[in-house]
Amino acid sequence: MIQIKDLHKSYHMGSNSLHVLKGINFEVKEGELVSIMGSSGSGKSTLLNILGMLDEADTGQYILDGFPIKNLNEKVAAKYRNEFLGFIFQSFNLINYKSALDNVALPLYYQNIKRKERIEKAEHYLEKVGLAQWSHHLPSELSGGQKQRVAIARALASDPKVLLADEPTGALDTKTSYEVMELIQGINDEGKTILVVTHENDIANMTKRIVNLKDGVIIDDSTVEQVRASQYV
Amino acid sequence: MFNKDRWSEIIEALNANKFRTFLTAFGVFWGIFIFVVLLALTNGLKNGVMSDFGDFATNSMFMWTQGTSKPYKGLPKGRYFNYKLDDVAALKSEIPNLKYVSPRNQLGGFQGANNVIRGTKTGAFEIYGDYPEYIKQQPMDILQGRFVSYSDINSKRKVCVIGTDVIKSLYDKDEEVLGSYVKINGVNFMVVGTFKMSNSQGDNEQDANTIYIPFTTFGQAFNRGDRVGWMAITAVDGVPITSIKQQVFDLMKSRHTVAPDDDRAIGHWDLSEQFARMNGLFIILTVVGYFVGALVLMSGIIGISNIMLIVVKERTKEIGVRRALGASPWTIKGQILQESLILTILSGMVGISFSAFVIWVLNYLLDMSGPVDSFANPSVSMTVVFTALIILVVSGLLAGLIPANSATKMKPVDALRIE
C-alpha cells in the first residue's frame, strides 16, 4: 500500500539546515496497523506529514497504492488527500461552528457528493463510532473522547485507503485513549490500513507493528503481539 | 460553484461573528449611500438650474442692435440703426443652417404702466409682436384656441394670445375668454388663444403675464412699420449657433453699412454658449460626485478587505484542516471571494435601497414645501445604480483577492501547526 525508498527531508532556517529524515525505507501492506515511535525531533511527524502529502520530501520515492507521489500541484494533492487519506489529529481539528454531522460530511462535500447522500454516509459513520445521538451537537458540546471519535468518523467518511493518526491519544486521558484505540483496532480489523504516530509504549503495543525512529533513520522495525484495547476498557 | 452548501458555509462564517460582519458591512453601506446621494444631489442641482433656463430651444441666440462704435463709409460713429423684416428674409435665404429666425417687438415690460384695458379692468402686461415660429423656439402649452398664425400675419389681424395671469386680472371667473376683446394701448384685439409656459419652474409668473399678437399687426398698430426690435435665431440641429453666429453678424453689418470690425454695433446673447457652459459645469460636478463617492466607497471596500484578512488569519488552522480533508486551493479561494462578494453586494444593496429612500423623502419634502431655487427633483438614473452595482461586484472581488491568496499561500502543514 505504501512504499518509501530513501526518503530525505531537511528544513532550512536561514543559513542553518536541519536534516530531519536521512534516508527512510519502509513498506506498509494493506490492512496493517503500524505505529511510528520516536522521541520528539526524531522526524516521526515529518514522516507522517510527507505520507499525508501535507509536506513534500526533498529526494526519495513515495508510492501510495501504485500512485507515485512526486511534484504534485496543490489541486492534485488535495484530490489525493481527499480520496486516499484520512487524517486524525492530536487536537481533533474539528470545525467548531459545524455540528458533528457536518464535520463528518465535510470530506464528502469536497468530493461534490450530493447533500442527501453526504448526510446519510456521515450518519452511518457517526453511528459506527457510537455518536449517532450526538450528531447535531457542536464540538464544544462534546468531550475530548467524543471529539476524537467524530474526527475518526470524519477520517473514515471518504473511505480512504490509509488512515494517518498523529498522536491520536495525545490529548486524552488513559481510559479515553484506550477507548479510542479500541475503535482504531476495530477499524483495522475491518481491513483498513492505519498508521499511528505515538510516543506512548502502551499505545504502540496496541498496534501490530512498531517502527522506531531516531535522528531521522529507522533503528527498529518489528511486528509485535497486539494488545487488545478492549481488555482495559 | 454557487450551490446551496457553499451558501450555508458562507452564512455560517458570516454569522460566526455578527457584530464584526455588521460593522464591516456598514462601511460599504455608507460608501454606496454617499455615492448615490451625492450624485442625486448633483442631479437635483442640475435639474434646478437647467429648468431656470426654461425650455427655450437651446441652440439659439438673441440679437439686437446697439449704436455703431466706428465711423464707416462716411457714416459717423454712434449711429443707431434697426433691423427690418427684409433682414430676416435675407438671413433665411443666405444662411441655410438657420432653422428659425423670429423677429420680435415688445411693448410694456418690467414695472411698466397699465397698458391693457378690458371694460373696467386694467393691467400692465408685456405685449410681444411675434411670428408663428416663435412657439417652436419657446414651447408653451396652448390651453384654449390657437397661437398666432401666418394668415394673421398676412392680413395683419388684430388678434392676441394671452397668458393665464392676464386672464386672472382681466376676466371674472368662468367668463368666456375666446372671442372677447381687450384694448391694448387703445387698440382692440380679439383673444384667439390662451397659453401657459410648459416649464413650470418658479418664475413662470412673468411669462404668463404676456400677450402675443401678430408681428405685422404690432408694426401697424403701434407705429413700428417693418422695424424689428430683436431677433430670436435658432440654428438647425447639429450645427451650434455659436459656430455660425459670426456669419449672421457679418451679413447684418454689410446690410446696415456697419464697419466689419465694429463688434459693438450688434448685441447678442448666445443661449447655446451659456447652456454649454452650464452643462460643462455640471459634467465637472458629476465627475466630482463620482470621484468623491467612489473614494468613500473605496474606504468601505478596504474595510472589507481588511476584515477578510483577519478572518483568514483567524481561520488559518481551519483552512489547513479543510485542505487536509481535500479542499483544493480554488475551493478555499472561491469561498473567501464569495464571502467578500456577498458581504459587499448585500451591504451595497441595502445602501442603495436606503439612499433611494432618502432621495424619496427629499423629493417628498420638496413637493411639500414648493419649488426651491436652483434645486429640483434630486434623482439618479438606472445607469448610476448599475454603475454602483458594477463597482460593488468588482470591488468585492478585489477586496477578497488578497485575503483569498493569503489563505492558500501557506503550506497545509504549516497552517495545521498554527494554534
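All of the numbers you see were taken from the coordinates with simple rules; none came from a lab. Given the structure is predicted, the values throughout are model-derived calculations rather than measurements. Don't worry about glycine lacking a Cβ; one is built from the backbone with ideal geometry, like all the others, and counts go over all protein chains shown.
A straight line joining the Cα centroids of the range B:250-278 and the range B:143-171 runs 32 Å. Going by neighbour counts of Cβ atoms within 10 Å, the residues B:W230, B:W64 line up, fewest first, as B:W64, B:W230.
How would B:F215, B:F19, A:F89 line up from fewest to most surrounding beta-carbon atoms within 10 angstrom?
Details: B:F215 28, B:F19 7, A:F89 21.
Listing B:F215, B:F19, A:F89 from fewest to most nearby Cβ atoms yields B:F19, A:F89, B:F215.
Overall size of the range B:312-419 from C-alpha positions, given as principal axis extents largest first: 69, 25, 19 Å. Think of each Lys and Arg Cβ as +1 and each Asp and Glu Cβ as -1; about the Cα centre, that makes the dipole of the range B:246-296 roughly 120 debye. A straight chain from B:S93 to B:Q247 at 0.36 nm per residue would run longer than the Cα-Cα distance by 54.2 nm.
What you get for the range A:146-233, charging only the Cβ of Lys and Arg (+1) and of Asp and Glu (-1), is a dipole of about 280 debye around the Cα centre. Relative to the longest principal axis of the Cα atoms of chain B, the long axis of helix B:329-369 makes an angle of roughly 30 degrees. Across the protein assembly as shown, the volume of the C-alpha convex hull divided among the residues equals 247 Å³ per residue. Based on the reciprocal of the average 1/r between different C-alpha atoms, the Kirkwood radius for the range B:1-106 equals 21.6 Å. Against the main long axis of the alpha-carbon atoms of chain B, helix B:241-255 sits at an angle near 20°.
When both the range B:287-361 and the range A:137-207 are represented by their alpha-carbon centers, they are found 39 Å apart.
Note that the range B:113-125 has calculated 3J(HN,Hα) couplings of 6, 4, 9, 10, 10, 9, x, 9, 9, 10, x, 9, 10 Hz, one per residue in order, obtained from phi through the Karplus relation 6.51 cos²θ - 1.76 cosθ + 1.60 (θ = phi - 60°); glycine and proline are x.
Straight Cα distances below 21 angstrom link B:K173 to the lysines B:K121, B:K183, B:K196, with same-chain residues fewer than 8 positions distant left out.
Please identify every one of the trypsin sites (Lys or Arg not before Pro) in the range A:36-96 that sits in a loop by DSSP and has no more than 15 other beta carbons within 10 Å of its own beta carbon. Could the numbers behind the result be given before it?
Working: sites: A:K44, A:K70, A:K75, A:K79, A:R81; in loops: A:K70.
Hits after loop and neighbour filter: A:K70.
Exposed loop sites were defined as GluC sites (Glu not before Pro) in DSSP loop states (anything but H, G, I, E or B) carrying at most 13 other C-beta atoms within 10 Å; in chain A the longest segment without such a site runs A:31-189. Simple spin-label estimate for A:E123 and A:F67 gives 3.0 nm between the two label positions (7 Å along the Cα-to-Cβ direction from each Cα).
Which of rounded, prolate or oblate describes the range A:132-186 when judged by the alpha-carbon gyration tensor and an a/c cut-off of 1.5? Please list the in-between numbers first.
On the way: a/c = 1.82, a/b = 1.08, b/c = 1.68.
In terms of gyration-tensor shape, oblate.
Database remark: amide H of A:I218 closer than 5 angstrom to the amide H of A:N25 (H placed geometrically; neighbours at sequence offset of 5 or more, or on other chains; Pro and chain starts carry no H).
Viscosity 0.692 mPa s, temperature 37 °C: give me the Stokes-Einstein translational D for the range B:347-405 in µm²/s, with Rh taken as the Kirkwood radius over C-alpha pairs. Can you show the working numbers first?
Values: Rh = 13.6 Å.
Rounded to a whole number, D works out at 241 µm²/s.
Projecting the Cα positions of B:Y72, B:N209, B:Y181 onto the charge dipole of the range B:60-269 (unit charges on Cβ atoms of Lys, Arg, Asp and Glu, taken about the Cα centre) puts B:Y72 furthest along the positive direction.
Label-to-label distance, B:K77 versus B:W64, with points set 7 angstrom from Cα along the beta-carbon direction: 2.2 nm. In terms of Cα atoms, the Rg and Dmax of chain B work out to 33.5, 105 Å. Extents of the range B:60-269, largest first, come to 59, 38, 35 Å (Cα atoms, principal axes, whole angstrom). Measuring max minus min along each principal axis, the C-alpha atoms of the range B:80-200 give extents of 49, 32, 30 Å (largest first).
Short version: what are the Cα gyration tensor semi-axes of chain A, square root of 5 times each eigenvalue, largest first, in whole Å? Here the semi-axes work out to 29, 21, 16 Å. For the range B:60-269, a simple Cβ point-charge model (Lys and Arg +1, Asp and Glu -1, everything else neutral) yields a dipole of about 720 debye relative to the Cα centre. Directionally averaged projected area (the range B:243-309, Cα convex hull): 6.5 nm². Taking the alpha-carbon centroid of each part, what is the distance from the range A:1-78 to the range B:74-93 in angstrom? First find each Cα centre; the distance between them is then 103 Å.
Ordering A:I210, A:S143, B:I135 by Cα displacement along the dipole of the protein assembly as shown toward the positive end leaves B:I135 in first place; charges were set at the Cβ atoms of Lys, Arg (+1) and Asp, Glu (-1).
Placing one equal scatterer on every Cα of the range A:3-130 and applying the Debye formula, the log10 ratio I(q)/I(0) at q = 0.11, 0.15 Å⁻¹ is -0.51, -0.88. Where does helix B:18-52 land angle-wise versus the long Cα axis of chain B, in degrees 0 to 90, nearest 10? Once rounded, one gets 10 degrees.
Over the alpha-carbon set of the range B:275-327, divide Rg by the Kirkwood Rh and report the Rg/Rh ratio to two decimals. List each step's numbers first, then the result.
Details: Rg = 21.6 Å, Rh = 14.4 Å.
Rg/Rh for the range B:275-327 comes to 1.49.
By the beta-carbon count within 10 Å of each Cβ, the least crowded to most crowded order of B:H256, A:H19, fewest first, is A:H19, B:H256.
Taking trypsin sites (Lys or Arg not before Pro) as exposed when their DSSP state is a loop state and no more than 10 other Cβ atoms lie within 10 Å, the longest site-free interval of chain B runs over B:174-419. Each label point was placed 7 Å from the Cα along the Cα-to-Cβ direction; for B:Q144 and B:F354 their separation is 5.4 nm. Only helical runs count toward this figure. For the protein assembly as shown, summing -39,500 (n - 2.57) over DSSP H runs of n ≥ 4 and dividing by all residues gives -15000 deg cm²/dmol at 222 nm.
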